[in-house]
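One structure is given here, and the rest of the page talks about it.
The values are calculated or read from the model by the stated rules, or taken from the named source; none is laboratory data. Only a predicted model underlies this, so the values are computations on that prediction, with no experimental measurement involved. A quick note on method: Cβ atoms are made from the backbone with ideal geometry, for glycine too, and the neighbour counts reach across all protein chains shown. Ligands, DNA and RNA are excluded from the accessible area calculation, which covers all protein heavy atoms including side chains. Shrake-Rupley method; radii C 1.70, N 1.55, O 1.52, S 1.80 Å.
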Amino acid sequence: MASYTFFTNPMSRGQIARWALHEVGADYEQVIVEYGAPKTAALLAANGLGKLPTLVHHTSDGDYPIAETSAICAYLAETESGGALAPTARERAAYYRWMFFAAGPLEQAITARSMGFEPNERQRVSVGFGCYDLVVDTLAAHLRGGDYVCGDRFTMADVYVGSHVLWGTMFKTLPELPEFVAYGERLTQRTSYVEAKAIDHALIAAAQAAAQEAKV
Ligand SMILES: N[C@@H](CCC(=O)N[C@@H](CS)C(=O)NCC(=O)O)C(=O)O
């Protein structure tokens, strides 16, 4: 049995988790979950939300389910990278701050805008992200200060934060600021990124071909 069972769909945040799995060289078996299909008991047992990605780590002490893409990334860095992609003491503040920033304010700001919600002055006080423009400017200012989230070294925070930046600039939910573009170019050259994307893109192409064939 592989060390990890990986519930995913190639057109999901599972792409981020796959990149993380490849960065640490984890041994995993994938379970493709079709959108709209009933959630299996195995997925729901691991994650009551039935959301993707969901990972189950099979260990000699038992099975550990883990969900939330940011948590999956952090877990893999700590558990599988021998410390290489986890933060050092000096990197820890930036690592956690920007990982949580991406999972919280950044994702909320993008989602709110894409669903047509722009908080007014009064709402900005209680909305966790404040306002979209400030979230974007704050992240860009941080990336201007170094090649990676923690400075000059790639860590797992870059898999998560970088995925948001790459996704956002590709789908125009983030502006194509020079800081975002340059950061994205550094990340997409990584072997693990290329390997992981190739798998998801092949799965997407196969699903599209099958759907096309079913129509004929
Ligand atoms: N907060 C979760 C969100 C996960 C999520 O919403 N996943 C979507 C795909 S990107 C999903 O599973 N959608 C299918 C469904 O809800 O049935 C995370 O960051 O992992």
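Any chance you could check the Cα centroid distance between region 22-99 and region 105-137 for me, in angstrom?
Going from one Cα centre to the other spans 27 Å.
What is the packing order of peptides 9-20, 58-69, taking the mean over residues of other C-beta atoms within 10 Å and listing the highest first? Intermediate results must be reported in sequence, preceding the final value.
Numbers: 9-20: 23.5, 58-69: 13.7.
Output ranking for 9-20, 58-69: 9-20, 58-69.
More than 26 Å apart: what percent of Cα pairs in the chain qualify?
Result for the distance tail: 40 percent.
Return the percentage of antiparallel bridges among DSSP beta bridges fully within the chain, rounded to the nearest 5 %.
70 percent
As a check on your grasp of the helix formula, calculate [θ] at 222 nm for the chain: sum -39500 (n - 2.57) over DSSP H runs of n ≥ 4, divide by the residue count, round to the nearest 500.
-16500 deg cm²/dmol
How large is the accessible surface of V216 in square angstrom, using a 1.4 angstrom probe and rounding to the nearest 10?
150 Å²
For region 23-31, take each phi angle, set θ = phi - 60°, evaluate the Karplus expression 6.51 cos²θ - 1.76 cosθ + 1.60, and give the result in whole Hz per residue in order, putting x for glycine and proline.
For region 23-31, the Karplus curve yields 4, 9, x, 6, 8, 9, 10, 8, 10 Hz.
How much accessible area per residue does region 92-191 have, in Å², with a 1.4 Å probe?
Accessible area per residue, region 92-191: 52 Å².
Using a cut-off of 17 Å between alpha-carbon atoms, which lysines can reach K39, once sequence neighbours fewer than 8 places away in the same chain are excluded?
Leaving aside lysines fewer than 8 places away in the same chain, those within reach of K39 are K51.
What ³J(HN,Hα) values, in whole Hz, does the Karplus curve 6.51 cos²θ - 1.76 cosθ + 1.60 give for region 61-74 when θ = phi - 60°, with x put for Gly and Pro?
8, x, 9, 10, x, 9, 9, 6, 4, 5, 5, 4, 4, 5
In whole percent, how big is the carbon plus sulfur part of the accessible area of the chain, probe 1.4 Å, protein atoms only?
Details: 6360 of 11340 Å².
Of the solvent-accessible surface of the chain, carbon and sulfur hold 56 percent.
In 5 Å bins starting at zero, report the fraction of Cα pairs in region 92-191 per bin as a rounded %.
Over region 92-191, the share of Cα pairs per 5 Å bin runs 2, 13, 25, 26, 18, 10, 4, 1, 0, 0 percent.
Hey, got the dipole for region 124-216? About the Cα centre, +1 on K and R Cβ, -1 on D and E Cβ, debye to the nearest 20?
Working: 8 positive and 11 negative charges, 31 e Å.
Using Cβ point charges on Lys, Arg, Asp and Glu, region 124-216 gives about 140 debye.
Across region 4-83, how large is the tail of the calculated P(r) beyond 20 Å, expressed as a percent of all Cα pairs?
Counting pairs separated by more than 20 Å, the tail of P(r) holds 24 percent.
Test of understanding: what is the full-extension gain from A214 to A182, defined as 0.36 nm times their sequence separation minus their Cα-Cα distance?
So the chain would gain 7.4 nm between A214 and A182.
Taking a probe of 1.4 Å, how large is the accessible area per residue of region 4-83, in Å²?
46 Å²
So, counting K/R as plus one and D/E as minus one, what does the shell of residues with Cβ under 11 Å around K51 add up to?
Charge balance near K51 sits at +1.
For helix 132-144, what angle does its Cα long axis make with the longest principal axis of the chain, in degrees from 0 to 90 and rounded to 10?
Compared with the principal axis, the helix lies near 90 degrees.
What's the magnitude of the charge dipole for the chain around its Cα centre, counting Lys and Arg as +1 and Asp and Glu as -1 at the beta-carbon? Answer in Debye, nearest 20.
Working: 17 positive and 24 negative charges, 86 e Å.
Using Cβ point charges on Lys, Arg, Asp and Glu, the chain gives about 420 debye.
Rank-order 151-157, 174-180 by packing density, defined as the average count of other C-beta atoms within 10 Å over each peptide's residues, highest first.
Packing order, densest peptide first, comes out as 151-157, 174-180.
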